[in-house]
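Notes follow once the structure below has been shown.
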Amino acid sequence: MLRGTGLSASESNLLLTLNAGLFETATDHTDAESVRNTMTLFEEQFRRANDGMSLRIIVDQPSDAVFVMERMSRRYRVGPPPESVLESLHAKLEGGQLQPDEDERSRIMKFLSGIHESNPYYIKHEDGTVFLASGLQLYSGGQVHYDLMILSHPLIEDRADAWTCCSLQANRKEYVALPAPGRSALDGAAVATANNVDQIRVALQRLIGTDSEWRLSSSRRSLLRLYAARNGELKREECKQLSAARLSIQELQGVQRIAVEESIQEIERFCSEK
């Protein structure tokens with residue numbers, strides 16, 4: 001998958017286009033117009049901070065999370081689903097593998113008894129509704145539409161090896177970057193919560209690769225221009241910036257770093273062709 005297909009060139013301007021998907025539960029809805037207004041503000045801030053570049057964020061209509069994610073996960077499931085803390089706690093308690101002290105057992109049982117509704121993508125607990133990182137990862141492995149996923153409720157890290165027992169608050173994620181093998185506008189996909197403007201801003205900035213003031217570093221800008229050149233939007237002369245683009249790897253972590261490392265290899269082959 002060639003990264004950077006969200007970039008297009010028009011005269012002296014390089015346009016980055018990203019798609020945002022809104023995911024809600026059957027009973028809790030997202031204000032799409034409010035999200036669009038927020039995106040318009042971010043687009044203007046990005047434009048002012050980066051000469052010769054502009055940002056466009058296309059916000060889709062809200063979708064029922066379970067319907068969309070379940071359909072996509074069944075069709076394009078990549079590998080086994082991550083083990084969630086709910087599955088782990090149930091299995092270990094029932095099988096006698098988990099033998100916590102009485103205080104720990106009480107906390108676990110209180111948490112489990114507070115769950116009113118559970119599916120692979122979100123749970124409704126007496127402390128609030130939350131989306132599950134394991135379910136979102138399952139969906140992200142096959143989805144081809146969105147660079148930014150905006151949820152109607154917060155996201156929690158529910159992998160059994162990363163769970164802090166036993167509350168939703170202790171496991172909330174402020175930002176998450178996910179692999180998106182079917183999506184190629186940038187280096188991955190980001191997730192945020194609809195009613196948290198700061199979280200959406202940070203998720204976008206990390207996905208795009210800007211600082212907190214929306215400024216792109218010279219190395220990241222070089223990489224984005226090389227993406228555009230490889231995809232036919234700019235001339236091969238951009239290959240002169242390959243050394244600078246390599247430096248952008250140092251600025252990234254996790255799945256984005258892996259995606260950029262792979263992309264640099266593709267760009268090196270592109271630049272070496274006569």
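The values are calculated or read from the model by the stated rules, or taken from the named source; none is laboratory data. The structure presented is a predicted model; accordingly, all values stated were derived computationally and were not measured. Every residue, glycine as well, gets a Cβ built from its backbone with ideal geometry; the counts of neighbours run over all protein chains shown. Just the protein is used for accessible areas: all its heavy atoms, side chains included, with ligands, DNA and RNA removed. Shrake-Rupley method; radii C 1.70, N 1.55, O 1.52, S 1.80 Å.
When Asp147 is tested against the conditions (1) within 23 Å of Thr27 (Cα to Cα); (2) within 11 Å of the chain's Cα centre (by Cα), the lone failure is (1). Reported count of residues in segment 1-17, each being among the β-branched types (Val, Ile, Thr) and within 19 Å of Thr40 (Cα to Cα), is 1. Figure legend. Inter-residue proximity from segment 28-43: first residues without any contact (Cβ under 8 Å) to a residue 40 or more places away in the chain and within 18 Å of Trp214 (Cα to Cα), second residues open to solvent by 90 Å² or more (accessible area, probe 1.4 Å) and among the basic types (Lys, Arg), beta-carbon distance below 7 Å, spacing 6+ or different chains. Indicated pairs: Glu43/Arg56.
For (1) among the acidic types (Asp, Glu); (2) touching a strand residue (DSSP E or B) at 6+ places or on another chain (Cβ under 9 Å), each residue gets a yes or a no:
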{"residue": "Asp161", "(1), (2)": "yes, no"}
{"residue": "Asn171", "(1), (2)": "no, yes"}
{"residue": "Ala185", "(1), (2)": "no, yes"}
{"residue": "Thr193", "(1), (2)": "no, yes"}
{"residue": "Asn196", "(1), (2)": "no, no"}
{"residue": "Val202", "(1), (2)": "no, yes"}
{"residue": "Gly209", "(1), (2)": "no, yes"}
{"residue": "Ser222", "(1), (2)": "no, no"}
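Applying the condition of being surrounded by fewer than 17 Cβ atoms within 10 Å (Cβ to Cβ) and either in a strand (DSSP E or B) or among the β-branched types (Val, Ile, Thr) (or both) to segment 26-47 and asking which residue is modelled with the highest pLDDT yields Thr40. Looking only at segment 192-214, count how many residues are touching a residue at least 60 places away in the same chain (Cβ under 8 Å) and within 14 Å of Gly21 (Cα to Cα). Of the residues in that region, 3 qualify. Asn50 falls short of the stated requirement of being within 30 Å of Leu132 (Cβ to Cβ) and at pLDDT 90 or above.
For segment 153-211, a tally of residues being hydroxyl-bearing (Ser, Thr, Tyr) and under 18 Å from Thr30 (Cα atoms) returns 1. Out of all the residues in segment 106-124, which are touching a residue at least 12 places away in the same chain (Cβ under 8 Å), part of a helix (DSSP H, G or I) and either outside the structural domain of Ser88 (by the TED database) or not aliphatic (A, V, I, L, M) (or both)? Across segment 106-124, the qualifying residues are Arg107, Lys110, Phe111. If the condition is being at pLDDT 75 or above and touching a Leu at 6+ places or on another chain (Cβ under 8 Å), then segment 59-85 contributes Val59, Asp60, Gln61, Pro62, Ser63, Ala65, Met69, Ser84. For segment 135-159, a tally of residues being open to solvent by less than 10 Å² (accessible area, probe 1.4 Å) and in a helix (DSSP H, G or I) returns 4. If you go through segment 10-25 and keep only what is open to solvent by 10 Å² or more (accessible area, probe 1.4 Å), in contact with a Gly (Cβ under 9 Å, 6 or more places away or on another chain) and not β-branched (Val, Ile, Thr), you end up with Ser12, Asn13, Leu15, Asn19.
A single member of Leu247, Leu224 is over 21 Å from Leu15 (Cα atoms) and of a type in the set (A, V, I, L, M, F, W, C), and it is Leu247.
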